[in-house]
């Protein structure tokens with residue numbers, strides 16, 4: 001049973017590849033209307049955790065609940081280069097059982113992709129592709145938005161759009177989890193920080209007004225302990 | 001008893017069975033050559049039947065076991081079922097090679113050519129190739145779970161295919177001697193030949209089980225080694 | 001898409017909604033596959049050229065004084081369809097590999113069965129197109145008189161194509177994850193094609209030889225049974241391929 005104000009609940013989740021445990025005993029609760037920043041070194045399991053939360057990977061142990069559906073923005077766009085931006089989004093809505101041209105248009109506008117909407121995805125820049133991927137994730141108006149290193153390869157303007165989207169979703173009462181190396185851009189909108197060390201959730205703390213440097217320091221301490 | 005010890009015990013028992021089977025095989029061999037009468041129409045060459053037919057049946061058994069265990073794996077998701085299914089497939093491939101060799105050896109004196117597109121040899125050939133494909137697929141997939149699931153799917157498909165292949169080649173013109181044992185009515189072999197055939201069958205099945213146990217034990221041991229390697233890394 | 005208002009409290013209502021959902025999702029996937037293929041056209045053009053080449057080469061690959069074109073025709077037709085068709089099967093799931101699009105499909109509420117059906121229909125259209133182009137050329141090159149028996153031939157082609165795309169779609173989903181998928185697919189698929197292709201050839205030569213229908217019904221029933229069994233098996237087993 002999920003507590004009424006929770007967006008994501010994971011209970012004792014463990015995930016492995018072969019016999020190697022990548023995620024161990026992870027339990028977390030992300031409340032609705034909050035933004036959680038997931039930090040950890042390379043290979044700490046951030047991507048794996050997000051995939052398990054999204055339902056793309058099945059945990060060997062434990063369970064995951066997400067209220068209101070999941071939107072996932074990963075490193076790859078999960079869309080088709082030969083189709084236009086608009087066609088890609090229209091296709092995804094049809095898979096979810098709908099036909100919503102109005103919503104597609106609205107999202108394209110929100111992501112600043114109106115002019116590029118009828119060009120093929122293959123011609124998009126990295127920043128445009130990422131914006132389209134976010135639009136795709138938001139099509140079903142999910143209760144939970146998961147983003148895996150969303151700012152990689154983006155310029156300042158595009159990065160600002162991503163952060164704006166996150167702030168907006170948070171205001172609308174949805175839960176967001178962002179895994180990122182680039183902390184500075186997210187510090188102002190993050191509410192909590194999850195520290196992932198070697199597949200375990202070493203700490204889960206509210207931001208408490210800290211800056212990126214303090215967070216990195218905390219991570220280094222936790223890595224040294226663990 | 002941990003998994004490694006369990007596997008070693010299974011391997012030991014399997015090798016005992018295999019040795020027994022080989023001894024039994026020698027006995028059957030002697031009986032077939034010395035104490036079983038020569039068949040009227042085919043002459044001495046017919047005696048290969050005592051080797052060929054049991055191997056053929058056991059091949060079918062091996063592949064059938066793989067198919068059934070694959071189905072069970074998809075339902076129960078127990079990894080041991082996957083190991084057993086793959087082991088049975090491997091033993092089955094070896095048995096089918098034996099069958100495909102003894103078949104022409106029997107065929108040459110009787111039909112005049114080494115290979116004829118005879119119904120049963122042809123279906124065994126296709127099943128052999130299919131299960132070689134099964135083993136190649138397993139080899140090409142490194143991820144555990146995927147390998148087990150995909151092989152199981154192929155195994156179930158293969159199970160569904162067997163009756164269709166059988167019917168297809170059966171309706172196609174056949175040179176194979178009419179089924180002697182698996183006919184709906186009583187077998188038309190004289191008693192003494194039947195006994196030789198059935199004892200040979202028992203021996204080959206024992207050999208299959210022995211090999212199966214050893215191969216399964218090997219899979220488990222490989223698995224244990226991988227588990228220990230993973231523990232060392234973490 | 002027209003929204004159907006059916007009371008979902010009735011059993012029939014639920015079934016109707018499920019079927020509706022299944023077919024519309026499958027249709028969306030098939031349409032998307034065909035749209036993408038139409039934009040690039042590489043696979044379809046290569047497969048068509050391949051089919052024509054095979055038809056032509058096999059015409060010459062015999063002792064023309066001993067073996068008439070008529071005698072080899074049924075086998076040639078089905079070898080052509082099979083091998084040209086196999087060229088097109090892998091592209092269905094290869095498409096989903098770029099940009100990890102398959103993950104995108106799994107994130108939606110599309111069920112594995114709907115995804116399978118969509119991919120299968122896309123493959124069926126692809127193979128059907130190859131057959132549509134090859135068949136008249138086959139009639140032309142091999143000078144076979146089948147115009148009066150065309151309906152039966154179409155039936156056999158349709159049934160064999162169904163068998164081909166059912167198992168082919170399932171197996172291509174598996175091999176696309178391996179390194180040598182172009183080789184692995186024929187290796188795994190061809191044994192499964194023995195019953196349908198042999199049946200199809202048996203019916204085809206009887207059609208060409210103007211034999212009575214009664215001689216064909218046995219093989220047609222075998223083909224039909226194969227279709228039913230393997231369509232059901234493929235759509236059920238696909239779940240195990242796509243879900244972790």
What is the residue count in the stretch C:1-56 for residues that are under 22 Å from residue A:80 (Cα atoms) and either modelled with pLDDT under 80 or not in a helix (DSSP H, G or I) (or both)? 1
Pairs, first at the interface with another protein chain (Cβ under 10 Å from one of its Cβ atoms) and free of Cβ contacts under 8 Å to residues at least 24 places away in the same chain in the stretch C:187-215, second surrounded by fewer than 19 Cβ atoms within 10 Å (Cβ to Cβ) and not in a helix (DSSP H, G or I), C-beta under 7 Å, six or more apart: C:198/B:172
Examine the stretch C:165-174 for a residue that is under 19 Å from residue B:153 (Cα atoms), more than 14 Å from every other protein chain (Cβ to nearest Cβ), buried (at least 21 other Cβ atoms within 10 Å of the Cβ) and within 15 Å of the chain's Cα centre (by Cα), and state whether such a residue exists. yes
Looking only at the stretch A:34-75, which residues are more than 11 Å from every other protein chain (Cβ to nearest Cβ), touching a helix residue (DSSP H, G or I) at 6+ places or on another chain (Cβ under 6 Å) and assigned to a loop (DSSP other than H, G, I, E, B)? A:40
From C:183, C:198, C:157, C:133, grab the single residue that is more than 14 Å from the chain's Cα centre (by Cα) and either at positive phi or crowded, with 17+ Cβ neighbours inside 10 Å (or both). C:198
Which pairs have Cβ atoms under 9 Å, sit 6 or more apart or on different chains, and link a residue in the stretch C:225-244 that is within 14 Å of chain A (Cβ to nearest Cβ) and without any contact (Cβ under 8 Å) to a residue 60 or more places away in the chain to one that is assigned to a helix (DSSP H, G or I) and surrounded by fewer than 17 Cβ atoms within 10 Å (Cβ to Cβ)? C:244/B:146
Out of (1) more than 20 Å from residue A:83 (Cα to Cα); (2) modelled with pLDDT under 95; (3) within 12 Å of another protein chain (Cβ to nearest Cβ), what's the single condition that is false for residue C:114? (2)
Looking at (1) in contact (Cβ under 8 Å) with a residue 60 or more places away in the chain; (2) under 20 Å from residue C:111 (Cα atoms); (3) within 8 Å of another protein chain (Cβ to nearest Cβ), which one does residue A:79 not meet, given that it meets all the others? (1)
Of the conditions (1) within 14 Å of another protein chain (Cβ to nearest Cβ); (2) surrounded by 20 or more Cβ atoms within 10 Å (Cβ to Cβ); (3) modelled with pLDDT of 95 or more, residue C:102 satisfies every one except a single condition; which number is it? (2)
Which of the numbered conditions does residue A:219 fail, given that it passes all the others? Conditions: (1) outside any helix (DSSP H, G or I); (2) closer than 22 Å to residue A:52 by Cβ. (1)
Filtering the stretch A:115-133 down to residues that are touching a strand residue (DSSP E or B) at 6+ places or on another chain (Cβ under 8 Å) and surrounded by fewer than 22 Cβ atoms within 10 Å (Cβ to Cβ), which residue is nearest to residue A:52 (Cα to Cα)? A:121
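Residue-by-condition table, conditions (1) farther than 16 Å from residue B:211 by Cα; (2) part of a helix (DSSP H, G or I):
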position	(1), (2)
B:83	no, yes
B:87	no, yes
B:93	no, yes
B:99	yes, yes
B:108	yes, yes
B:116	yes, no
B:134	yes, yes
B:137	yes, yes
Could you tell me which residue of the stretch A:86-113 is surrounded by the most Cβ atoms within 10 Å (Cβ to Cβ), considering only residues that are more than 14 Å from chain C (Cβ to nearest Cβ) and under 20 Å from residue A:126 (Cβ atoms)? A:111
In the stretch A:83-105, how many residues are part of a loop (DSSP other than H, G, I, E, B) and modelled with pLDDT of 95 or more? 1
Residue list for the stretch A:170-189, restricted to those being crowded, with 23+ Cβ neighbours inside 10 Å and assigned to a loop (DSSP other than H, G, I, E, B): A:174
Residues in the stretch A:116-167 that are part of a loop (DSSP other than H, G, I, E, B) and free of Cβ contacts under 8 Å to residues at least 40 places away in the same chain: how many? 10
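The values are calculated or read from the model by the stated rules, or taken from the named source; none is laboratory data. Predicted model only: the values in this text are computed from it and were never measured. No Cβ is skipped: glycine too gets one built from the backbone with ideal geometry, and neighbour counts run over all protein chains shown.
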